[in-house]
Every structure is written in C-alpha cells, then in structure tokens.
2 protein chains.
Amino acid sequence: MIMQTVAQGGKMINKYALKHRPISNMCFAYNEKEVEIRFQAKKDDLKKIELFYGDKYDFKALKTIEMEKIFSDFEFDYFVTRVSVEKNRLAYLFKLYDNKIVGYFTEWGYVKELDLLDEEIIQKYLMHYPYINKIDIHKVPDWVKGAVFYQIFPERFFNGNDLISPKNKVPWETEPTRENFFGGDLEGIYQKLDYLADLGINAIYMTPIFKATTNHKYDTIDYYEIDPHFGTKETLKKLVKKAHKLNIKIVLDSVFNHSGYMFDKFVDVKENGEKSRFKNWFYINEFPIDEKKLNYETFGFEPKMPKLNTSNPEVFNYLLKVAKYWIEETDIDGWRLDVANEIDHEFWRKFRKAVKSVKPDAYIVGEVWHNSNSWLQGDQFDSIMNYPIQTACYEYFAKERIDIETFKYKVNRTYFDYATQVSEVMMNLLDSHDTPRFITESKGDSKKLLMVFVFELFYIGCTSVYYGTEIGLTGKMDPECRRTMKWNKNDWDMELFNAYKKLIEISNEFDVIKNGEFRWLENKDILSFKRFNENEEIHIYINNCEKSIKINLNNMKEYRDLYASESIIKSGKLKLSPGEFKIIKII
Amino acid sequence: MIMQTVAQGGKMINKYALKHRPISNMCFAYNEKEVEIRFQAKKDDLKKIELFYGDKYDFKALKTIEMEKIFSDFEFDYFVTRVSVEKNRLAYLFKLYDNKIVGYFTEWGYVKELDLLDEEIIQKYLMHYPYINKIDIHKVPDWVKGAVFYQIFPERFFNGNDLISPKNKVPWETEPTRENFFGGDLEGIYQKLDYLADLGINAIYMTPIFKATTNHKYDTIDYYEIDPHFGTKETLKKLVKKAHKLNIKIVLDSVFNHSGYMFDKFVDVKENGEKSRFKNWFYINEFPIDEKKLNYETFGFEPKMPKLNTSNPEVFNYLLKVAKYWIEETDIDGWRLDVANEIDHEFWRKFRKAVKSVKPDAYIVGEVWHNSNSWLQGDQFDSIMNYPIQTACYEYFAKERIDIETFKYKVNRTYFDYATQVSEVMMNLLDSHDTPRFITESKGDSKKLLMVFVFELFYIGCTSVYYGTEIGLTGKMDPECRRTMKWNKNDWDMELFNAYKKLIEISNEFDVIKNGEFRWLENKDILSFKRFNENEEIHIYINNCEKSIKINLNNMKEYRDLYASESIIKSGKLKLSPGEFKIIKII
C-alpha cells in the first residue's frame, strides 16, 4: 500500500505540493559528468531533503547527499543538487525530513515508509536518469554566458550611406510611423562599431537585413540578398570583420516561419495557382489564393506573410542552406529565430545540425514568449529570449504592479523551468522592437532603468540592450519604440550613459558574472543576490523601495564597492536610498 | 498581484495540487485537427473545470468548454478534453469551479481573479500550443491498437529442425538452467503458425534471433546472420510470409545498446587494442581491455556485453542499415528495442526515420521500465512495453498487496503520463522472459490469470501473451520462466486455453476494443470499465474479491454477455462470484 497521506505521529505535509519529474527540467545532465536534480515542495513544509542515489545496477553502493534549498517564494521551496556517477547511470529517490524523516518521493510519488535495505523495494521505487550519453547533453556556446548584446533595428540606427537610402525617406528624428523610412543601414552600424566597443558590448543582434519591402524587413523577398537600402554582402562582411576585431559577435534574425508577399516562390503561386511548381512551399487550402478569404496559412491573420511549409524537403533544404550560407560567407556568429515556436521541431533539429556543422559555437536563440521546454532539450535551440523576465521587470520596476516576492517568484519559476545551461545563455531583454521602452513605461525615471539594468546584467544569462536605451531614448509601443537613434550627445542622458558604460565594464571584468552561480540573498525589502564561484563572490543590492534600507554586511569580511568611487567598505552596515544599488565584491 | 492563496469568501482549494504543463503529456496534438488538454486537481476539490480557449491571435473569439473528469484516485481528479482550432494555433487557460468560480489556472499558475475581457490580461495569462505542425504529431501504427502479441523465446518454443540443434542440447522439458539449450528454432515457429492463428493472435514478438553464443541471444555476434541453431534467412522469410498470410505480423528484438563479446569488431579491439580500427565502436577507457578492471563501458557490470558507441557515425550507420535490412530483406513489421533508454536520443531519432522510410507502419516499441516521456514525443519510439501495468497486475491480482484503488491509481498514472496515442499502442504485458510467470506468482490460480488477462486484453493498448501462458505453463524468475513449451495437450490446462481463445476472439471481433475510448465504471469493489465509441459500448466487470458482488445494470437497456453462453441479459442485476468476470455489450 503506497497511498498513505500523513506521516504517522508526525507532521501533516502537503504531499500534493511535492514535484519532481525524471529526465526533464528537474533532472538533466548539466555536463558530461554531472546530473542536476531539482525538487519542489510547499514552502516551509520540509526542513531538509536528501537525495538517495547511485548506479542503477549497484544498489549496495547507493549514497545520500543533502540538497540545497536555493529559492523560496510565497508557495514553494526549491531544492537542488548536482551529482556524478562513475558509470554514467543514475538512479535516485528523495528522503523528506521534518525533524525526522516524514516520507519519500519516488517513481510512484509520495510514500510514507520504505525499506531502503530491501533491494526489491528499492528497484521498484527508484527513479532513473538511465544513461549520460554525451551526444544528448545540451551544450551551449560559452561566449554567450554573461555577454552583453546590443540589439539594432538597422533602419533606425545610423545612416552611413545616403546613396542607398530609400527615396521617400523622412528626416532623421521624425516621428516614426509603421510605414516610413529613415535610411539607417549596415554602413551606419559599421561606422558606429567604435561607439559600441567603447560602450563595452560583446555582441550585436540585428533585426532582419535581407531584401524585403517593409522598414522592419520581417517580410523577406530574397533570403540570399541584403536589402539594397541596407547595403551589400560586402558591407556585411566588412562589418563582421571589424566587429570581430573589436571582440564583438554578430547575430542575425532568421524569418523562416513565413516569407514576404513578394518572395519569388509565393509570387509564382499567386500567378500560376495550382500549376505553380512552388505550390507546396506554402500551405494553400484552395486555389486561386484569395487574401480576403485567407485561404492559405499565414503568420497571424496577416495575408502578406504566407507561412512556409518547412516540412517540405525543398523548402527546408533551401532554408538550411540559407542558414549555413550567411555563416560561411560572412562569418556571422548565430541566429535569432523569429516566431520560432510555430515552426516544426523537425525543422529546428535539422537547423541546429546545419548551423553547428559550420560553426560549432554559433548561438541559436528562439523568439518564444511562453514555456519553451520542448525546444530546449539540446536538439534544437541553445536558448530563448527571456520574455517572462522582461514582463516581470516591467511589472516590478516600472509599473510597480507586483511586489518583490512576486518578482522573485517569476524569476525563480523561469529559472526552474529550464536546465541550468539554458538559463546561462538565456537572452534577458528589456526594451525591444516589439515592446514599449522601459524609460517611457517608468515615466522617464532613469533610476528605475538603471536598477533594472543592474538586475538583468548581473543575473544569470546574457543581457540585451536595445539601441538607444543607454542614452535614454523614449517610445511607447511600435512604431514609437523604433525611433531613430540620437547621435548628438547634447540629447543624451549622459549620467545614464556613463552608468551603463561603467556597469558593462564591471560585468566584463569578472568571470563570476559569466560563469558563477546565482543565489538570492536574504533581505526582506531589497532585491539582493550573489554571483559566486570558488574564487570570487559579488553581491548585488537594488533598492526598488520608497524608503532607505540598511543592509548588514558580515563584519568578518572586507568589501569593495565596484560601482561607487569610495572603494573599500569596512563597516558592517550599508544604507541604500530609494532607487540606489550597490555592487559589492568580497575581498 | 497574482499570488493569492484562497478564493475570497469561498472555499479553500489546494492550489498546490493543480497541475498542467503546456506541450507535454498534458497538452499534445492527438491528430492533425485535435489537441488534447489534461488537468489534475486534488480529489473532490473542484466541481467543474472549464477550458477557455481559441486562436492565440484572435482573443475576441475565445470559447469555453467543460472538461470531463475521466479518472479519480485517492489523491487526484483527472480532467480531459479535446479541442480543435481552425488555424492550428491554440491558446488556453482553465476556469476552476466549486459552486461558483474559485480561480483560474494560467501561464503563471493559480490566479484568483482575472478579467477575461481585458486583452492585455488574457495575453499575459494564456498558455499556448503554438502551432499544430503535422510533421511533429506523434503518429502510431493503426494495426497495433488492440492487437494481441504472442511473445516467443525461440530456443524454447518448438524444435522444427533437429539437424541444426546445438549438439549439447538437453531433452525437451528438462528444467532449464542459464546455460542449457533445447533446440527450439524458427522452423518450429513456422510449423506452429497454425496453432497461433487458431489461438487468434495478431502478431509475434520474438526475442533475439541473430547469431550469438547464449541461449537468449542478447549477445549478438553478427547482426546480419540468423543464429545457425535457429535457422537461416530463408527460414525467417518463409516464416514471415506464412505469418502475413495468416494476418500475423512479426516483430524482432534489436539489441543495439551493446554487442556480444564475440562480435568481430570487439574481438578486433581485444586483439589489436589501441591499434584496432574499431576502437571507437565502443567506449574504451584504457588499453588493453581488461575484463576484471572493467575498463570499458558495458551493459550493467557485464564484461561480456560491451556498450556500442552509437554516436559514432560508423556505428550508427551500421546499425541503421541492420534495422532497414531485415525489414527490406524479410518483410518483418517492427522492432522491439532492448535496453532502449541507455542509447542516445539522437540514435533513436535516426532509427525512427530509417525504419519508417522502409515501412511506414512498422512498430517501434522500447524496453523502458521507467518514465519514458522523453522517447515518446513522436520523434523516437511509437510506444513502450508497459512494465508499470505489469507490476500493478502482479501486485493487485496475484500478490494482493495493493487494493483496487491503488491499482487504478497506477493504471491511471501510467495512462496520464503519456499522450493518448502512445497508450493506444503500449504493449501491456504480463509474463515475459525477464519476470516470473503470473500463474506461479498466483500459486497456480488460473482464475486470477484469466482476470488479469481480461483486464489487459480489454484495456487500452495492445496485449502481449508470453508463450505457454495460455496453457498454464509455470516458472519462477529466469531461468525457470524460460521453460520449454508443452505440446502434449494432456499437459495443458484446457479450460484456461479455451478461455484465452474465446477472449481473444471477442477482442478481435469488436472495433471498439481497438479504437474505442476507455473509462472506469463506478463500482466500489469490482474492477469495471467500458470501451466505447459512437456505435458500440462494451462493459467489463472483474471480481478480484473474496465475496460475491452484485452489479446494477441500467434497466432501460438490453445487454449481451459476450463470454457466457446465456446471451441476452434483461435483468437489472448481475451477480459475480469471486474470480468471475463479465464482458457485456450494450445492444
């Protein structure tokens, strides 16, 4: 009988809250040697959890290790440990403790009593990570860990070559509409690379640059040509080459879910209907194509964006060649995947193989706004854009709709949703071409912007800075968030800019920000956390409150304030005014 | 603020028990049109759950549908519904009801209040099944649904050609040891095909038949040759051909995790050490190979079974060719995968493509004893051998260690762990070459055996009958469970045999047993369930109690007893003695 509900004579525990699932985000190979195991229980319900584990064929050698409670929120405690097994085979179960043992969590869920000396019992109740096969481990590019990306919407960054600008372009700094053009181009980005290197960023992500009709270029006409208003392949090559010299990687945007309306294959289908040799490149329900009836599949309800049939070998081979071509031809360093979750998994598996075959450390990052585990098993994307954190940051810092506990809950949940290596290269973004700018949402409060930047920059993952955020560029939802970059320094928020530069410099200086572990620090009203490894430990404090808050530092240690000018802190107290943050390194 | 714990003024619900996860066993495309959505809550906590769903780009057209509570056990209620969306895109959340609405389950977990008219709110809280891409849907072979497999251990079934028997063979019906041989072979199976056709089975699964040294043949020497004691390719071809004429499919056992010790490539490594051109076919930690040090990876701790490096292209190409060769050469209908969960996922993805490319409806069934979701996403196996049900059946029917509720909990949990199409072709087994025979575990009680067979046969999935079970063959754990088949009818339990035949005949007669849905019937002490579709409904009652039990049938309908001779039942009462079962069709 395994269904007892209460530990006899002991405490009533909420067995419904106990959560674990083998071979999932709660049990995965972190590297070739270690498996990470996670467990979730009702907050404050258990005093301790131990993992009972070992080789699944050698029950006599099973060991016990205490798990670490790494997070808590309103509802749950989150426990984690990493273990290694000599023969690559792992079997395990959980021992649950109040003051004494109150049960076990097993292959068959919660069990009150279990004889761990009985091999038949053990065999039945152990869960399994059957074998660490190296080829299945989710490997991510090292250079992305802790990197600072700079996202550019090329039409609006800088006009470096007016000869190729659209004829109907409007003057720089005109208010953008959904239709107008300003003349930004790749030569412009090339010319501003020194600016970006000076800012300290490590990579650029550009929204699409292939031939298209719109200003955003998400309606590709030709996957093999740079948009003529943006430049040529030569411009891109020159840009990548100089960027690499400056230690800046370049990631492009791939729009493979749908083509543009003027893509030659779709034009052929429109013209020739059922007779078109490209009719199976799309999902056509009936001929002739009718935009009003929308008798073909599209992105959303947008007739101008016909969905590509990525399960058709002609189509996927075409797109895989595109993906490889731009890496081989221009040496770019990765792809951001537009509408990534509407394309089939089969395509992405082939895509990963193709991309990694020509550049093993290329970064593959999907645009997915919701739970993305099914793309993050190691066979498809490296990671995703972290929209849940973006939303949480807006709600906590800008709109003050959620409190600190809820914010941490959202951060924790997203962390817990994915394998650790996924989080290490997750793109933490704030502003983007698809969302209102934070400075506008926070009513111009640049203190808020700096606090949120400090959080994202020092939190686990890489960070994306949308062009202009660093100088205080404003804008509501698209089209406003796509205003032209300001190049006259008189228009900049210099205090903000210098702060961005200084913060990025700090994040680049310490390896622990790239490769260190993350833990929240125990402080009630202040957002505080540490990044640490065996050699270094950095503490971050962010006061997003309306009152000053005092922090007690451990008097036994010495600290260095990495951001402020007064360098060494010996006092055990630290006072943070509203809107203030501290980045403190233990000496 | 989304973290409220109690519905204000309403009932306290256990929010920790609420479980759902998008794109998982709780949200999957059942076919090209329908997505199945499941939800789990604490038993009796909620009176009703509604799914609020629709196109993720058209919030105005969202609809509400009530979910069906399909199972309950001690702890949980299980809710299910299937929905279709015109444009292949699905967004949804759950409305939770006691007498009135008590909250919502969303992308951000449990929320007490939600304004479903506010599009910004909806956008934030909806969960997504982003797109039904046909190529990603887990498709399974239709012929396996409800099929009856007959598992043969060829060395022990029938000796059809004594000329090729091992020289050291012992007389038929001698007590088996781990080492002895009896002379069973493929010719023997061929000669007994009429017996099997008469029994009514639909498919044969044979344990390995390729050249090997042991009697079980799990130590392959040559993947391209039939073991000379079993016959030749011609014998296998003849066997498959006749089987197909009798509408019997043939599934072979693939042992790809490890080779035998005498596999020529391993022999080469043993002989030539680091100089062997096959050294990367295995995982060798140091040269020379040392059996005692076990300085190479093996299956378990068995030095005679070196693990194959299935991530090495030479190796996987070799094995994929093997998989295709036997289908193309001999027309077999599928593969059972030995130690399936220790081989890398990448290999199984390639394997599925290879196998389905030569026979699209070939059956791929993995030997996995534990949670197997990561192999059952549509890109690897069709299904697995249902060991959890095997264990539950032993515990409930033979050993009486668990009660009816616990048995149902185990069945439900396994059902809920996988997509419905996986369950539809899951191999429900009882006896096997790796477990004691049920009749022995139940101390010779053939009533118990029949009850459990009725359960497995009429439950969702296919059923496996291990050779001899149908005549009462006994045996404890290996080697006893591998006794020779008895062919003298005087030694048979004829009552048992006739019951098996009759039951298989019934299961073959009604499509609803293959393609119908499954639900438990509400009866306290008796195991009862129905299989149904739009046209047919069959009820199964199994009395695994020590007392007689009366069942109330709905007086408004007429019933036919499919198993007993007295055919039509008009009375509203049905009495079942201990060990009795009924298979009743609503007329």
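Values quoted throughout were computed directly from the atomic coordinates according to the rules given, and no laboratory measurement underlies them. Computed from a prediction, not measured in an experiment: that's the story for all the values here. Methodologically, a virtual Cβ is constructed for each residue, glycine included, from the backbone with ideal geometry; neighbour enumeration extends over all protein chains shown.
The slack in the chain from A:ASN99 to A:ASN247, taken as 0.36 nm per residue of separation less the alpha-carbon distance, amounts to 47.9 nm. Using 29 Å as the Cα-Cα cut-off, could you pick out the over-long pairs in A:LYS307/B:LYS145; B:LYS19/B:LYS585; A:LYS100/B:LYS399; B:LYS324/B:LYS489; A:LYS42/A:LYS100? Checking Cα-Cα distances, A:LYS307/B:LYS145; B:LYS19/B:LYS585; A:LYS100/B:LYS399; B:LYS324/B:LYS489 exceed 29 Å. Annotation for B:ASP44 and A:GLU173: the two label points, set 7 Å from Cα along the Cα-Cβ direction, are 7.2 nm apart. With its label point defined 7 Å out from Cα along the Cα-to-Cβ axis, A:ASN168 lies at 8.9 nm from the matching points of the other copies, in increasing order. Partner aspartates and glutamates whose Cα lies under 15 Å from the Cα of A:LYS447, excluding those fewer than 8 positions away in the same chain, are identified as A:GLU400, A:GLU456, A:GLU470, A:ASP493, A:GLU495, A:GLU546, A:GLU580.
Helix A:313-330 and the longest principal axis of the Cα set of chain A meet at an angle near 90°.
For chain A, the longest principal axis of the Cα atoms and the long axis of helix A:233-245 meet at an angle of about 40 degrees. Adding -39500 (n - 2.57) for every DSSP H run of four residues or longer, then dividing by how many residues the protein assembly as shown holds, sets the calculated 222 nm ellipticity at -7000 deg cm²/dmol. With its label point put 7 Å out from Cα toward Cβ, A:LYS359 sits 4.4 nm from the same residue's point in the other copies, in order from shortest. For A:TYR57 and A:LYS238, the FRET efficiency from 1/(1 + (r/R0)^6), where r spans their Cβ atoms and R0 equals 51 Å, is about 0.30.
Each peptide in A:528-537, B:547-556 receives the mean, over its residues, of other Cβ atoms within 10 Å, and ordering these scores from highest gives A:528-537, B:547-556.
Think of segment B:143-249 as a dipole: +1 on every Lys or Arg Cβ, -1 on every Asp or Glu Cβ, centred on the Cα centre; then among B:THR174, B:TYR205, B:PHE153, B:TYR205 lies furthest on the positive end.
Rounded to the nearest 10 degrees, the angle from helix B:345-358 to the longest Cα principal axis of chain B is 80 degrees. Here is how far apart the B:ASN31 label points are across copies: 4.9 nm, shortest first, using a point 7 Å from Cα toward Cβ. If R0 is taken as 41 Å, the Cβ-Cβ distance between A:GLU302 and B:ASN280 corresponds to a FRET efficiency of 0.20. Rounded, prolate or oblate for segment B:5-136? Axes are the square roots of the Cα gyration tensor eigenvalues, ordered a ≥ b ≥ c, and the cut-off for rounded is a/c under 1.5. Cα axes put segment B:5-136 in the oblate bin. By definition, a body whose alpha carbon gyration tensor gives a ≥ b ≥ c is oblate when a/c is 1.5 or more and a/b is not larger than b/c, and chain B fits this oblate description. Here A:TYR195 and B:ASN312 are evaluated by their C-beta separation; at R0 = 60 Å the FRET efficiency comes out at 0.80. Mean separation of Cα pairs under 8 Å and 6 or more residues apart, divided by the residue count, gives segment A:5-136 a relative contact order of 25 percent.
Quick one: of B:LYS502/B:LYS570; B:LYS408/B:LYS575; B:LYS410/B:LYS514; B:LYS304/B:LYS476; A:LYS47/A:LYS112, which pairs are farther than 19 Å apart, Cα to Cα? Check vs 19 Å cut-off fails for B:LYS502/B:LYS570; B:LYS408/B:LYS575; B:LYS410/B:LYS514; B:LYS304/B:LYS476.
List the relative contact order of chain B as a percent without decimals, with contacts defined as Cα pairs under 8 Å and 6+ residues apart. Here the relative contact order equals 11 percent. Residue of chain A with the Cβ closest to the rotation axis carrying A onto B, and that distance rounded to whole Å: A:TYR16, 2. Place a label point 7 angstrom from the Cα of B:ASP268 along the Cα-to-Cβ direction, then list the residues of segment B:285-313 whose backbone nitrogen is under 17 Å away. Backbone N within reach: B:289, B:306-313.
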